[in-house]
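Below is one structure; the comments refer to it alone.
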There are 2 protein chains.
Amino acid sequence: MTEELTGNVLVAQSGGPTSVINASLAGVVTEALNHDCIEEIYGALNGVEGILTEQLIDLANESQQNIRGLCHTPGSALGTCRYKLKSEQDFDRAIEVCKAHNIRFFFYIGGNDSQDTADKISKHAQAKGYEMRVIGIPKTVDNDLVVTDHCPGYGSVVKFLCSTIRELALDHESMGNHDLVSIVEVMGRNAGWIAAGTSIAKRRNQPEDAPHIILLPEVAFDAAYFVSQVQEVLKKNKFCLVVASEGLVDSNGNYVTAGSAQDSFGHSQLGGVGDYLQKILNDNMPSVKVRTCKPGHSQRAAAHCSSLTDSNEAFMCGKKAVQAAVAGESGKMVALVRGDSDKYVCETVLAGLSDVANGVKHFPESWISEDRIGVSFQFNKYILPLLQGEVKVPYENGMPSYVRLSKTRVPQKLAPYTLA
Amino acid sequence: MTEELTGNVLVAQSGGPTSVINASLAGVVTEALNHDCIEEIYGALNGVEGILTEQLIDLANESQQNIRGLCHTPGSALGTCRYKLKSEQDFDRAIEVCKAHNIRFFFYIGGNDSQDTADKISKHAQAKGYEMRVIGIPKTVDNDLVVTDHCPGYGSVVKFLCSTIRELALDHESMGNHDLVSIVEVMGRNAGWIAAGTSIAKRRNQPEDAPHIILLPEVAFDAAYFVSQVQEVLKKNKFCLVVASEGLVDSNGNYVTAGSAQDSFGHSQLGGVGDYLQKILNDNMPSVKVRTCKPGHSQRAAAHCSSLTDSNEAFMCGKKAVQAAVAGESGKMVALVRGDSDKYVCETVLAGLSDVANGVKHFPESWISEDRIGVSFQFNKYILPLLQGEVKVPYENGMPSYVRLSKTRVPQKLAPYTLA
């Protein structure tokens with residue numbers, strides 16, 4: 001590797017969006033402007049699809065207002081995809097497009113599937129003898145990437161859900177004359193990080209504070225035990241707030257709500273855990289009212305309530321990725337590490353893309369409480385700093401004002417390519 | 001009526017909470033302190049239940065911090081109930097409790113059922129020759145009270161939902177490579193005000209802006225037409241965002257999701273409109289992905305995103321209620337009126353409680369668009385001012401910090417009373 005490589009930047013986003021995925025994009029663009037070895041700053045529309053179909057935009061042409069606005073705008077500003085590079089032909093094409101546009105620095109913002117894609121692109125470029133530095137930037141509300149202490153996107157989804165749970169608890173508290181079970185279904189396909197995170201909403205960390213029961217995908221669901229725990233809570237409280245992960249599994253490891261549909265990566269399409277639990281309670285505790293709340297995709301997009309710490313770290317990951325690439329690194333992902341001191345400090349290191357690709361970091365067994373429906377004090381210490389600070393979102397006409405990129409197209413140089 | 005009545009205040013909250021119901025309570029307490037004819041300021045816990053069971057608290061004993069904090073705290077700080085005064089005996093008891101505590105000014109914050117209760121208490125006191133001035137304070141996210149231009153609580157639920165819909169739209173936009181239908185189920189049992197209100201989330205009021213389809217309870221649901229409209233939207237857009245009122249009815253006027261359960265006022269318990277519509281689309285458009293989002297009760301409690309205009313008006317209603325009672329009025333509800341000028345101005349008038357009680361103001365036919373899945377420009381002019389301004393919620397540890405009343409009990413003077 002040489003430090004004197006000169007050429008263009010290409011950045012793309014992949015997978016499900018988060019509240020702060022665009023802050024990483026802003027970090028890449030802002031840092032790229034600082035380096036003389038970087039000539040043009042391009043973005044690919046819709047992840048690898050935009051690379052294969054040569055749909056590139058000129059990010060240096062965006063207004064400063066737009067780039068600044070990315071730091072509070074949810075969704076993936078460049079568009080994203082769940083297309084998986086399928087064949088040798090796909091990889092050849094990706095490298096061909098990069099070559100045609102003299103892309104020497106490639107940044108891919110995404111989760112574990114995306115880091116795998118970045119890893120393969122990096123290796124393919126190397127095999128073809130095309131010098132291009134590839135750096136992954138972590139992103140996922142699920143917080144399930146290995147190596148990194150936590151993932152940009154996670155703190156914000158937890159902050160929004162905790163706000164919602166505190167508000168729901170006040171609402172339910174006031175309806176204090178009924179036995180009420182309130183179920184909040186949250187995201188988390190394979191790992192319970194999001195559901196676990198909501199435990200910090202407990203006001204004084206007392207048993208009577210909501211959420212009372214947290215159901216993680218790491219704990220096999222047992223209906224009889226669940227009903228008994230709800231009954232225990234309702235002996236002491238007038239309502240029981242349950243947070244349930246969408247990825248809840250039974251003792252055989254099957255999703256309790258398993259449908260037949262699968263996405264293009266072979267993941268089952270989930271949903272309906274709230275309805276599933278409601279039915280169990282209706283059948284076993286007919287006198288109790290059961291309400292469900294399913295924020296759905298709004299939880300990962302709730303930028304009006306995102307964490308400033310999270311947004312700043314997402315921005316930092318974008319900057320550090322550019323710095324690493326310019327310094328000669330490739331085939332790495334920027335990972336977050338937490339200092340040992342009592343005061344929260346977060347820095348970045350580089351992890352091998354192949355060490356991250358497709359790994360899943362489950363919620364640690366040691367952080368699950370003995371009764372299996374809560375978390376430990378150690379986890380509270382882990383999660384609390386990630387929620388700190390509020391991103392200031394500008395309001396216009398009483399509603400959050402988000403930016404959209406102007407998307408000046410980069411002229412295409414190659415023949416069209418048909419996706420498989 | 002005399003203006004020289006001297007005695008104590010009793011204030012209570014009823015029905016479902018809103019983000020700003022406590023701002024009205026703060027308005028009552030703040031204003032009550034200004035009048036020499038008012039001696040003590042009591043609150044009844046859990047609405048009329050607290051009156052019957054003589055569960056009163058001393059609101060003058062709360063810290064100023066707490067009273068100020070009520071202006072941004074969701075839920076009903078005094079607690080609420082759906083208990084309906086049932087018998088002559090109940091009404092006698094309510095008057096007996098008021099007499100025992102020298103209550104001469106009674107304020108009831110609630111929706112149409114509650115204004116009916118206030119009306120009956122007022123008439124019963126009069127019939128018993130007990131002088132007590134009764135003023136109702138409007139509250140309902142449903143915005144379905146007659147006489148008043150709009151209801152405190154409505155602007156905030158719409159502001160939160162519009163923020164959510166804008167964020168969801170950005171999320172869906174970035175997933176631009178799939179045909180996606182996103183259904184947001186919103187509150188509104190009998191009237192479509194909440195669902196209609198979300199139309200203002202359209203960014204430039206263009207057909208391509210979300211929400212694309214709004215389903216009101218005022219329009220009989222027709223599955224075939226719905227499917228055809230979704231197909232129309234998906235011809236032009238990569239996603240279709242549908243807002244559906246929980247109170248959707250078929251052409252016979254029956255709830256499309258009618259269950260058997262009813263609450264103590266005889267209202268059907270609703271829910272599941274999102275699931276219902278999802279199934280219709282899955283059956284008719286199997287290649288399309290359908291996602292649902294159900295904010296449930298979190299929408300009426302989302303004080304972290306409430307409207308300053310709404311909160312200020314709720315506070316004003318509380319103040320005006322006290323001023324009216326002190327001035328000798330009784331048997332009235334504070335109603336909001338809007339000035340004729342281009343600039344939004346909102347003032348209060350007094351309406352007869354019996355004119356408000358149990359009435360329902362449906363969403364006006366003239367404000368429903370010709371295609372029956374949207375609203376008119378006139379409605380946009382109506383709704384926009386109600387969303388303006390942001391309530392500043394203090395954050396502590398990264399989460400909204402809400403107050404809880406210290407609830408100093410007023411000593412009981414009567415024998416216990418058993419609720420029917």
*Regarding A:ASN397, is this residue among the polar types (S, T, N, Q), more than 22 Å from the chain's Cα centre (by Cα), over 22 Å from A:LYS123 (Cα atoms) and within 14 Å of chain B (Cβ to nearest Cβ)?*
yes
*Taking the range A:166-181 on its own, how many of its residues are more than 7 Å from every other protein chain (Cβ to nearest Cβ) and under 22 Å from A:LYS279 (Cβ atoms)?*
5
_strands (runs of 3 or more DSSP E) lying entirely in the range B:127-239 (those with 1 or more residues that are of a type in the set (S, T, N, Q))_ = B:180-186
_the range A:89-126: number of residues that are assigned to a helix (DSSP H, G or I), under 30 Å from A:THR198 (Cβ atoms) and in contact with a helix residue (DSSP H, G or I) (Cβ under 9 Å, 6 or more places away or on another chain)_ = 4
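For A:ASN66, indicate whether it is farther than 17 Å from A:THR117 by Cα, of a type outside the set (Ser, Thr, Tyr) and buried (at least 24 other Cβ atoms within 10 Å of the Cβ).
no
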*Only one of these is under 21 Å from B:GLY16 (Cα atoms) and not aromatic (Phe, Trp, Tyr): B:SER245, B:SER251. Name it.*
B:SER245
_Between a residue in the range B:69-88 that is touching a residue at least 24 places away in the same chain (Cβ under 8 Å) and within 11 Å of chain A (Cβ to nearest Cβ) and any residue that is outside any loop (DSSP other than H, G, I, E, B) and of a type in the set (Val, Ile, Thr), which pairs come within a Cβ distance under 6 Å, given they are 6 or more apart or on different chains?_
B:SER76/B:ILE21; B:TYR83/B:VAL48
*Hey, can you tell me all the residues within the range B:170-225 that are of a type in the set (Lys, Arg) and free of Cβ contacts under 8 Å to residues at least 24 places away in the same chain?*
B:LYS202, B:ARG204
*Which condition breaks for A:SER14 when tested against (1) within 14 Å of chain B (Cβ to nearest Cβ); (2) out of contact with any Cys (no Cβ under 7 Å at 6 or more places or on another chain); (3) surrounded by 20 or more Cβ atoms within 10 Å (Cβ to Cβ)?*
(2)
*Is it true that some residue in the range A:24-39 is modelled with pLDDT of 95 or more, surrounded by 22 or more Cβ atoms within 10 Å (Cβ to Cβ) and not in a helix (DSSP H, G or I)?*
no
*Output the residues belonging to the range B:286-317 that are small (Gly, Ala, Ser) and either in a strand (DSSP E or B) or farther than 15 Å from B:HIS150 by Cα (or both).*
B:SER287, B:GLY296, B:SER298, B:ALA301, B:ALA302, B:ALA303, B:SER306, B:SER307
*Yes/no for A:GLU62 being away from chain B (no Cβ under 14 Å) and either under 14 Å from A:VAL410 (Cβ atoms) or acidic (Asp, Glu) (or both)*: yes
_Some residue of the range A:326-336 being β-branched (Val, Ile, Thr) and either at pLDDT below 95 or not in a strand (DSSP E or B) (or both)_ = yes
*asked:* Looking at B:THR309 and the list (1) more than 14 Å from chain A (Cβ to nearest Cβ); (2) modelled with pLDDT of 95 or more, which single condition is not satisfied?
replied: (1)
*Give the range B:356-392 a look and list any residue that's within 10 Å of another protein chain (Cβ to nearest Cβ) and either buried (at least 21 other Cβ atoms within 10 Å of the Cβ) or hydroxyl-bearing (Ser, Thr, Tyr) (or both), or say none.*
B:ILE383, B:LEU386, B:LEU387
*asked:* I'd like the full set of residues that are assigned to a loop (DSSP other than H, G, I, E, B) and of a type outside the set (Gly, Ala, Ser), limited to the range A:371-404.
replied: A:ASP371, A:ARG372, A:ILE373, A:GLN388, A:VAL391, A:LYS392, A:VAL393, A:PRO394, A:ASN397, A:TYR402, A:VAL403, A:ARG404
*Kindly check whether there is at least one residue in the range B:218-227 that is within 19 Å of B:GLY296 (Cα to Cα) and either at the interface with chain A (Cβ under 10 Å from one of its Cβ atoms) or not aliphatic (A, V, I, L, M) (or both).*
no
*Return yes when B:HIS124 is over 24 Å from the mean Cα position of the chain (by Cα), within 14 Å of chain A (Cβ to nearest Cβ) and not polar (S, T, N, Q) and no when it is not.*
no
*Could you please let me know if A:LEU45 is out of contact with any Asp or Glu (no Cβ under 6 Å at 6 or more places or on another chain), modelled with pLDDT of 95 or more and within 14 Å of another protein chain (Cβ to nearest Cβ)?*
yes
*Just wondering, is there one or more residues in the range A:142-163 that are more than 12 Å from chain B (Cβ to nearest Cβ), in contact with a Gly (Cβ under 8 Å, 6 or more places away or on another chain), of a type in the set (Phe, Trp, Tyr) and on the phi < 0 side of the Ramachandran plot?*
yes
*Hits in the range A:1-23 - residues which are under 19 Å from A:ARG104 (Cα atoms), among the β-branched types (Val, Ile, Thr) and part of a loop (DSSP other than H, G, I, E, B)*: A:THR2, A:THR6
*asked:* Restricting to the range B:337-358, name every residue that is in a loop (DSSP other than H, G, I, E, B) and within 17 Å of B:LYS139 (Cβ to Cβ).
replied: B:ALA357, B:ASN358
*Give the residues of the range B:347-382 that are modelled with pLDDT under 95, in contact with a Ser or Thr (Cβ under 9 Å, 6 or more places away or on another chain) and of a type in the set (Val, Ile, Thr), sorted by residue number.*
B:VAL356
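Just name the residue that is nearest to the other protein chains (Cβ to nearest Cβ) out of those in the range A:405-420 that are modelled with pLDDT under 95 and either touching an Asp or Glu at 6+ places or on another chain (Cβ under 9 Å) or not in a loop (DSSP other than H, G, I, E, B) (or both).
Ranking the candidates gives A:LEU419 first.
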*Could you say which residue among A:LYS123, A:LYS159, A:LYS139 is surrounded by fewer than 24 Cβ atoms within 10 Å (Cβ to Cβ) and more than 30 Å from B:CYS81 (Cβ to Cβ)?*
A:LYS123
*Go over the candidates B:ARG338, B:ARG300 one by one and state the one that is farther than 24 Å from A:HIS172 by Cα and either surrounded by fewer than 21 Cβ atoms within 10 Å (Cβ to Cβ) or touching a helix residue (DSSP H, G or I) at 6+ places or on another chain (Cβ under 8 Å) (or both).*
B:ARG338
*Could you tell me whether the range A:184-191 includes any residue that is modelled with pLDDT of 95 or more, surrounded by fewer than 24 Cβ atoms within 10 Å (Cβ to Cβ) and within 21 Å of B:LEU168 (Cβ to Cβ)?*
yes
*Tell me, please, whether a residue that is in contact with a Phe, Trp or Tyr (Cβ under 7 Å, 6 or more places away or on another chain), within 11 Å of another protein chain (Cβ to nearest Cβ), buried (at least 21 other Cβ atoms within 10 Å of the Cβ) and not in a strand (DSSP E or B) can be found in the range A:49-56.*
yes
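The values are calculated or read from the model by the stated rules, or taken from the named source; none is laboratory data. Bear in mind the structure is a predicted one, so any value in this text is a computation, not a measurement. Please note: Cβ atoms are built from the backbone with ideal geometry, for glycine as well, and neighbour counts cover all protein chains shown.
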